[in-house]
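*Asks:* Okay, here's the structure, questions in a sec.
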Amino acid sequence: MTTLTNEETPAARKRLLRTEIPGPKSRELQGRRAMTVATGVGSALPVYVTGAEEGVLHDVDGNVLIDLGSGIAVTNVGNAAPEVVDAIRGQAGEFTHTCFMVTPYENYLEVCEELAEVTPGEHDKRTVLFNSGAEAVENAVKIARRATGRQAVVVFDHAYHGRTNLTMAMTAKSVPYKHGFGPFTSEVYRMPMSYPARDGADGAETARGVIDRIEKQVGADSVAAVVVEPVQGEGGFVEPAEGFLPELSRWCAESGALFVADEIQTGFCRTGDWFACEHEGVVPDLITTAKGIAGGMPLAGVTGRAEVMDSLPPGSLGGTYGGNPVSCAAALGAIRAMRERDLAGAARDIQHRALPRLRALAERTERILEVRGRGAMLGVEFVRAGSGDPDPELAARVAKTCHERGVVVLTCGTYGNVIRLLPPLVISAELLDEGLDVLEEALVEQLDHPAR
């Protein structure tokens, strides 16, 4: 059963604008924020939320906004899924923390069992749990280096892997993520990414070029891990050409390097499969997860081949809050909701509903280079007329217009020229259609009146 239907949504789940966006109460809170919150923390839309449901956000001014961002691909099951809320309440009433490294508890094991079940591959697996995606990536590299006895880590153009020192080194974009924060961890090597809209190249051929460069510049026997997002997130929703990922995975198996899939944004039904690697049958040695795993609670994991994960000694992995029992309970509720509601199917329904509309819009203007993505992870890349150069200003204006009209969209891309759509997988067809209507109106208006 999928969630996306044409049924009428309850009145509370409709876009409603009582004030300008942001409204007076949100602006007042923004003033308080300026006196207390560090300026380094940004917000895409300074609207202060009091409640959220399946595809809508309620703010302090009484406005109801359509949510096409899902807290950056986190609330796949919705912002307050009953399965998640009930699980949190039940666990919080028993205990909120003991530290798994001191006295363990069963639901940590249950999450690891579920991850072994839903991640790609039938091999024996082990998992370790953390709090954030950056922690998961950092620990995946630790595991790969210890297991292989090698140091080099291969990453790609446009990649985003996190904000810790190591994951900043792995992330491609300088501003705002890296500028002024160095020096960074060494032994990280960046390679070209397959980017069909710009290179038009065959995926396997591009991968072979990458492999040749790795072998010449790094050395095959020096590579501990090749870390790649199957569909890049912050880098612009770049979906590599068919054959790119399988060829890299093949080379890793032959060379002794570990193929690490960063599925932090793409995982948990977001792209129409449990994980984006499944699209081409790629089975990673290690897979990192976070975001959609626990319905909004902080949880992340590294799942991998048992022989790799068990090559590290006790005490070498962990963290005080890693695999918190309340977050584990939330994850079990979220995974149950994904399975029972067939949210992978819901993501495919979103794609089938939204992608034709977006592509029809692209056909009307040369300012859209490409519409791309899978499932409920869709991007629109904007360029300047005639040159094909990135146009972040147009993307920003379109996003701002959407925000003013009560639709939350996000921008991304190395050049900031991509609008990304990440609706919750439980959004109704009516809300999705209305959000797309607003996006289309915003683009047409900005093309006709660019000075606005």
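Throughout, read-outs are computed from the coordinates displayed, never taken from laboratory work. Since the structure is predicted, the reported quantities are computational estimates derived from the model, not experimental observations. Neighbour counts are summed over all protein chains in view; Cβ atoms, including those assigned to glycine, are modelled from backbone coordinates with ideal geometry.
*Asks:* 7 Å from Cα along Cα→Cβ at both D212 and E393: what's the point-to-point distance in nm?
*Replies:* Placing both labels 7 Å along Cα→Cβ, they lie 4.0 nm apart.
*Asks:* Okay, moving on. Looking at the range 82-340 only, what percent of DSSP beta bridges run antiparallel? Nearest 5 please.
*Replies:* Here the share of antiparallel DSSP bridges comes out near 40 percent.
*Asks:* Using r as the Cβ-Cβ distance of T103 and F184, and R0 as 45 Å, what FRET efficiency do you calculate, to the nearest 0.05?
*Replies:* For T103 and F184, the calculated efficiency is 0.75.
*Asks:* Under the rule of -39500 (n - 2.57) per DSSP H run of 4 or more residues, summed and divided by the residues of the chain, what mean residue ellipticity at 222 nm is obtained, to the nearest 500 deg cm²/dmol?
*Replies:* My calculation for the chain gives -11500 deg cm²/dmol from helical runs alone.
*Asks:* Could you give the distance between the Cα centres of the range 95-145 and the range 232-249, to the whole Å?
*Replies:* Comparing the Cα centres of the range 95-145 and the range 232-249, I get a distance of 25 Å.
*Asks:* Could you give P(r) for the range 323-452, binned at 10 Å from zero, as whole percent values over all Cα-Cα pairs?
*Replies:* For the range 323-452, the pair-distance distribution reads 12, 39, 28, 14, 6, 0.
*Asks:* Could you pull out which residues in the range 156-192 have an amide N less than 17 Å from a spot 7 Å beyond the Cα of T39, following the Cα-Cβ vector?
*Replies:* Within reach of a label on T39: 176-177, 179-181.
*Asks:* Quick one: grab the alpha carbon gyration tensor of the range 191-326, order the square roots of its eigenvalues as a ≥ b ≥ c, and give me rounded if a/c is under 1.5, else prolate or oblate depending on whether a/b is larger than b/c.
*Replies:* In terms of gyration-tensor shape, oblate.
*Asks:* Further question: Residue by residue through the range 391-405, what is 3J(HN,Hα) from phi via Karplus (6.51 cos²θ - 1.76 cosθ + 1.60, θ = phi - 60°)? Round to whole Hz and write x for glycine and proline.
*Replies:* Running phi through 6.51 cos²θ - 1.76 cosθ + 1.60 with θ = phi - 60° gives 10, x, 5, 5, 4, 5, 5, 5, 4, 4, 5, 4, 4, 4, 9 Hz.
*Asks:* Arrange the following residues from fewest to most other Cβ atoms within 10 Å of their Cβ: S311, S43, S194.
*Replies:* S43, S311, S194
*Asks:* Right, next: Using a simple spin-label model with points 7 Å from Cα along the Cα→Cβ vector, what separation in nm is obtained for E280 and D157?
*Replies:* 1.7 nm
*Asks:* Take every Cα-Cα distance within the range 82-340, group them into 10 Å bins from 0 onward, and report for each bin the whole-number percent of pairs it holds.
*Replies:* 7, 32, 36, 19, 5, 1
*Asks:* Then there's this: In whole Hz, what ³J(HN,Hα) sequence does the range 407-414 give by Karplus (6.51, -1.76, 1.60; θ = phi - 60°), x for Gly and Pro?
*Replies:* My calculation for the range 407-414 gives 10, 8, 10, 10, 9, 6, x, 3 Hz in order.
*Asks:* For the range 58-73, what does the Karplus curve 6.51 cos²θ - 1.76 cosθ + 1.60, with θ = phi - 60°, yield as ³J(HN,Hα) per residue in whole Hz, taken in order and with x for Gly and Pro?
*Replies:* With the stated coefficients, the range 58-73 comes to 9, 10, 5, 9, x, 7, 10, 10, 7, 9, 10, x, 6, x, 6, 6 Hz.
*Asks:* Show the residues, 5+ positions off or on another chain, whose built amide H is closer than 5 Å to the amide H of E370.
*Replies:* E381
*Asks:* Based on the alpha-carbon gyration tensor of the chain and its eigenvalue square roots a ≥ b ≥ c, which shape applies: rounded if a/c is under 1.5, prolate if not and a/b is larger than b/c, or oblate?
*Replies:* oblate
*Asks:* Starting from the amide H of T411, placed 1.01 Å from N in the peptide plane, find each other amide H under 5 Å away whose residue is 5 or more places distant or on another chain.
*Replies:* Excluding prolines and chain starts, which carry no amide H, the hits are R420.
*Asks:* Once you place label points 7 Å from the Cα toward the Cβ at S316 and A360, how far apart are they in nm?
*Replies:* 5.6 nm
*Asks:* Moving on to the next point. Taking amide H atoms as placed 1.01 Å from N in the peptide plane, list the residues 5 or more away in sequence, or in a different chain, whose amide H sits under 5 Å from that of K125.
*Replies:* HN-HN under 5 Å from K125: A306.
*Asks:* If we count other beta carbons within 10 Å of each Cβ, what is the order of C99, C328, C252, fewest first?
*Replies:* C99, C252, C328
*Asks:* Let me ask you something else. For each of V223, V210, V77, count neighbouring Cβ atoms within 10 Å of the residue's Cβ, then give the residues from fewest to most.
*Replies:* Least to most surrounded, the residues fall as V210, V223, V77.
*Asks:* Share of antiparallel DSSP beta bridges in the chain, in percent to the nearest 5?
*Replies:* DSSP beta bridges in the chain are roughly 65 percent antiparallel.
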